[in-house]
Amino acid sequence: MGQDVIIKNTVTMGDVLMVDTDRSFTGQDGHVMSTGSDLHGVPGMLAERLFALDLGIDYVYVLQNTVTLRRPQGWDEESTTAVTDVTGSFLRYYPDEEE
């Protein structure tokens with residue numbers, strides 16, 4: 001139940017990964033979150049799930065339909081896929097039966 005978030009594009013620039021989606025997670029104000037900060041609302045819930053991946057993400061910025069993450073050791077295919085999987089299923093309430 002719920003809808004998948006479609007990942008339209010990802011862009012990597014050094015330690016920064018930008019994930020462009022088809023869903024808006026915020027209004028016009030962006031939300032900056034780092035490890036150890038208070039996490040509130042929908043952007044905070046998304047950041048909490050991303051930090052829980054234990055990939056070394058230390059910064060998440062959510063502005064409307066874009067999620068920007070920093071990982072000091074850079075991004076590889078495995079870590080990028082983990083982030084897009086979490087972001088893509090974020091608005092799902094129940095997993096599909098086959099999951």
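The values are calculated or read from the model by the stated rules, or taken from the named source; none is laboratory data. On a predicted model such as this, the values are computed, not experimentally measured, just so you know. Heads up, the Cβs are rebuilt from the backbone with ideal geometry, glycines too, and the neighbour counts pull from every protein chain shown.
Tabulated data for the structure shown
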read-out: Filtered residues of the range 33-47 (kept if within 12 Å of the chain's Cα centre (by Cα) and closer than 13 Å to Leu69 by Cβ); value: Met33, Pro43, Leu46, Ala47
read-out: Arg49 among the basic types (Lys, Arg), in contact (Cβ under 8 Å) with a residue 40 or more places away in the chain and touching a Leu at 6+ places or on another chain (Cβ under 9 Å); value: no
read-out: Count of the range 36-63 residues which are assigned to a loop (DSSP other than H, G, I, E, B) and at pLDDT below 95; value: 5
read-out: Any hit, the range 66-80, residues being under 12 Å from Val19 (Cβ atoms), charged (D, E, K, R) and free of Cβ contacts under 8 Å to residues at least 40 places away in the same chain; value: no
read-out: Matching residues in the range 16-35 - criterion: being under 15 Å from Leu50 (Cβ atoms) and either at pLDDT 95 or above or not in a loop (DSSP other than H, G, I, E, B) (or both); value: Val16, Leu17, Met18, Val19, Thr21, His31, Val32, Met33, Ser34
read-out: Tally of residues being loosely packed, with under 14 Cβ neighbours inside 10 Å, without any contact (Cβ under 8 Å) to a residue 12 or more places away in the chain and among the hydrophobic types (A, V, I, L, M, F, W, C) across the range 1-44; value: 2
read-out: Residue match in the range 76-88 (condition: modelled with pLDDT of 95 or more, of a type in the set (Gly, Ala, Ser) and part of a loop (DSSP other than H, G, I, E, B)); value: no
read-out: Test: residue in the range 2-9 that is more than 12 Å from the chain's Cα centre (by Cα), of a type in the set (D, E, K, R), at pLDDT 95 or above and assigned to a strand (DSSP E or B); value: yes
read-out: Members of the range 45-71 that are surrounded by fewer than 20 Cβ atoms within 10 Å (Cβ to Cβ) and touching a Gly at 6+ places or on another chain (Cβ under 7 Å); value: Tyr61, Leu63
